[in-house]
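Working notes, structure below.
The values are calculated or read from the model by the stated rules, or taken from the named source; none is laboratory data. Small disclaimer: the values here were computed from a predicted structure and weren't measured. Methodologically, a virtual Cβ is constructed for each residue, glycine included, from the backbone with ideal geometry; neighbour enumeration extends over all protein chains shown.
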Amino acid sequence: MHKSVDQASGIRKMRQIKPKPVRVIAVTSGKGGVGKTNLSVNLGVALSQMGRRVALLDADMGLANVDILLGLSPKYNLSHVLQGEKSLEDIMLTGPAGLKVIPASSGVQQMSELSAIEQAGVIRAFSEIDKNLDVLIVDTAAGISSSVVNFARACQEIIVVVCDEPTSLTDAYAYIKLLNRDYGINKFHIVANMVQSIQQGQQLFNKLTTVTDKYLDVTLNYAGGVPFDEYLRKSVRKQTPVVEAYPRSKAALALKNLALIIDGWPIKVQAGGYLEFFVERMIEYSTQEDAA
């Protein structure tokens, strides 16, 4: 009798134990050419160097280049998972510091065409890796296409990358405005990339907030700035992240500090799950877009 009661109590406790939530972050921008993917890669490696278990999802379906920046050669990609041919574990590549990379695929755009059973399989594929993951970074394409917006909406946190170009700020504003007015997202993190000084990064942020404070109901958080650094270009040519190739360079130190800041953000625990919640929302949003 006592044994069966103890067993029942143990089962209840096991059911109450939930896996550690996964931090899901979109790194995006209003326009291309601001160094968004390089930022994603280096943040992923910097967080991995801190002991975090990190995966980087290349969500740029038209111009995937995470693998190029890391010198990797993917044989399979997400489309093979969607088709049931491979598991997520099968397609994931290992980069510097143990960073896991999920190669891009136009297959993500097919999510709205999946059957209910296939959708459940994709959700299960992501949920099965959450026990081995602390952070998922989603490197989106540039612009405001529906697929870019859907990825950002599905993530817990959105980092918008800007640089010192008028089009960068105007496009970033248009992107934030779209997500705020059409989808009710009201919090964004801003990173100023390729800045000449700390002051310039803060000035870029101030320019953006001057407009958003006037016209939008949003909160912008300045996550930090990454300086223009010749070592960053050298690291790209070496196909090695700057935080690993030149760890004492100005850019690397700034990126490591940014990783520390991100690691300190509170994790939003979603009622529907962790990684599976992200994929459920991706499927829901892409299906809505397809129906429209």
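Odds and ends about this structure:
- From Met282, Met194, residue being within 28 Å of Arg181 (Cα to Cα), in contact (Cβ under 8 Å) with a residue 60 or more places away in the chain, surrounded by 15 or more Cβ atoms within 10 Å (Cβ to Cβ) and not basic (Lys, Arg): Met282
- Residue that is farthest from the chain's Cα centre (by Cα), among those in the stretch 236-292 that are assigned to a loop (DSSP other than H, G, I, E, B) and at pLDDT below 85: Ala292
- Apart from one condition, Tyr183 fits all of (1) surrounded by fewer than 16 Cβ atoms within 10 Å (Cβ to Cβ); (2) out of contact with any Lys or Arg (no Cβ under 7 Å at 6 or more places or on another chain); the exception is (2).
- Number of positions in the stretch 150-178 that are assigned to a helix (DSSP H, G or I) and buried (at least 22 other Cβ atoms within 10 Å of the Cβ): 7
- Subset tally (residues that are part of a helix (DSSP H, G or I) and touching a residue at least 12 places away in the same chain (Cβ under 8 Å)) for the stretch 223-234: 3
- Meets criteria (surrounded by 15 or more Cβ atoms within 10 Å (Cβ to Cβ) and assigned to a helix (DSSP H, G or I)) for Leu220: no
- Residue in the stretch 179-217 that is nearest to Val149 (Cα to Cα), counting only those that are part of a strand (DSSP E or B) and among the hydrophobic types (A, V, I, L, M, F, W, C): Phe188
- Residue within the stretch 122-141 that is modelled with pLDDT under 90, among the basic types (Lys, Arg) and at negative phi present: yes
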